[in-house]
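Read the structure below first, then the notes.
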Amino acid sequence: MFHRLRVAEVIAETPDAHSLVLTVPPGLTEEFTYRPGQYLTVKVGDVARCYSLSSSPHTDTDLKITVKRVRDGHASNWICDHVRPGATLDLLPPAGEFTPASLDDDLLLLAGGSGITPVMGIIKSVLAHGRGRLALVYANRDEHSVIFAAELAALQRAHPGRLTVTHWLDSERGAPDEAGLATILSQDTDKEAYVCGPEPFVVMSRKALRKAGVPEERVRVERFEIDQVETRNATAVVEIDGQTHRLPWPAGQRLLDVIIAAGLNPPFSCRQGHCGSCALRLLSGEVDLVHNEVLEQEDFDEGYILACQAVARSETVSVTYY
């Protein structure tokens with residue numbers, strides 16, 4: 001269910017990125033409780049988009065999402081052009097699994113462009129409320145594109161023994177490459193790795209992590225393809241455990257989240273589209289998969305989709321776990 005929140009402040013982080021500070025009404029405080037690294041789904045007209053929280057539940061009173069312009073990004077560009085303090089936005093409560101199991105863990109963080117958004121929430125939370133040591137590698141076009149540059153520098157000065165920041169600027173070094181990243185990452189292969197950014201950056205980062213010797217099971221990934229996916233409010237008809245359920249499916253939400261929120265018990269594991277544990281069959285209707293690393297064309301031919309990555313394209317979608 002969408003809730004209307006007021007925009008208290010708009011911060012111009014860079015020429016292309018704005019942060020929106022959102023005030024949560026007292027009656028919605030519990031519903032909008034969140035973990036560092038989660039995202040909010042924002043409704044813009046007939047579509048919905050997911051934007052990560054750059055705020056920390058341990059250091060910030062209000063919620064903050066950071067939105068960067070993207071080519072043909074209907075919602076992102078509209079928000080940057082039109083949203084001002086005092087405006088209201090319709091949002092779903094926080095969701096997402098790109099969040100550390102413990103704030104005491106040592107983390108290796110890789111961010112590309114606006115991929116710094118959830119990473120920033122993680123950094124602030126660990127430094128304020130945990131004991132973990134953090135190594136951040138942050139890639140951008142040039143120094144003018146670096147979101148949170150001053151805030152990152154201040155955090156590094158305040159926590160010199162716990163936070164290191166390495167900037168990779170295309171204007172100085174070219175686009176990130178496997179060998180160059182692996183050299184930087186080789187000093188921190190004992191840490192849990194979190195990667196967030198556009199698909200080319202994510203692909204290159206995972207190759208570099210493998211080259212540096214970080215096991216795949218210690219790598220968590222968050223992607224931003226959702227801004228290019230048209231979604232809508234829908235009804236999910238789900239056959240599971242011998243029963244059929246009709247579930248409201250809000251625009252922008254993943255099918256797996258809808259099924260879990262209904263109190264059902266679907267199979268799942270990674271929630272990132274690369275293990276296949278949540279696969280089920282599409283009986284009717286249309287969906288888009290935000291990301292997929294496991295299903296091949298023959299799987300699609302047999303009707304299989306991934307619940308953790310499916311967003312609705314039609315008014316009604318019928319699926320089965322049989």
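The values are calculated or read from the model by the stated rules, or taken from the named source; none is laboratory data. Owing to the predicted nature of the structure, the values given are computational and were not obtained by experimental measurement. Methodologically, a virtual Cβ is constructed for each residue, glycine included, from the backbone with ideal geometry; neighbour enumeration extends over all protein chains shown.
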| Taking Phe268, is it over 29 Å from Gly45 (Cα atoms), in a helix (DSSP H, G or I) and among the hydrophobic types (A, V, I, L, M, F, W, C)? | no
| note | Quick count over the stretch 44-63, residues being at pLDDT below 95 and part of a strand (DSSP E or B), is 7
| said: Please determine whether any residue of the stretch 286-307 is out of contact with any helix residue (DSSP H, G or I) (no Cβ under 7 Å at 6 or more places or on another chain), β-branched (Val, Ile, Thr) and modelled with pLDDT of 95 or more. | reply: yes
| request: Tally the residues that are more than 25 Å from Ala193 (Cβ to Cβ), at pLDDT 90 or above and charged (D, E, K, R), restricting the search to the stretch 206-244. | output: 2
| task | Working only within the stretch 286-322, note down all residues that are part of a loop (DSSP other than H, G, I, E, B) and in contact with a Cys (Cβ under 7 Å, 6 or more places away or on another chain). | result | Val294, Ala307, Cys308
| request: Take the stretch 56-79 and flag every residue that is of a type in the set (Gly, Ala, Ser) and buried (at least 24 other Cβ atoms within 10 Å of the Cβ). | output: Ser76
| said: So, Asp90, is that one acidic (Asp, Glu), outside any strand (DSSP E or B), surrounded by fewer than 22 Cβ atoms within 10 Å (Cβ to Cβ) and more than 18 Å from the chain's Cα centre (by Cα) or not? | reply: no
| note | The condition of being of a type outside the set (Val, Ile, Thr) and crowded, with 16+ Cβ neighbours inside 10 Å holds, among Ala279, Ala179, Ala175, only for Ala279
| task | Considering only the stretch 168-253, give the helices (runs of 4 or more DSSP H) lying wholly within it that have at least 1 residues that are in contact (Cβ under 8 Å) with a residue 60 or more places away in the chain. | result | 178-185, 199-212
| Filter result for the condition that a residue is among the charged types (D, E, K, R), within 24 Å of the chain's Cα centre (by Cα) and more than 30 Å from Ala12 (Cα to Cα), over Glu222, Glu217, Glu199, Glu151 | Glu217
| Within the bounds of the stretch 151-163, is there any residue that is surrounded by fewer than 19 Cβ atoms within 10 Å (Cβ to Cβ) and at positive phi? | no
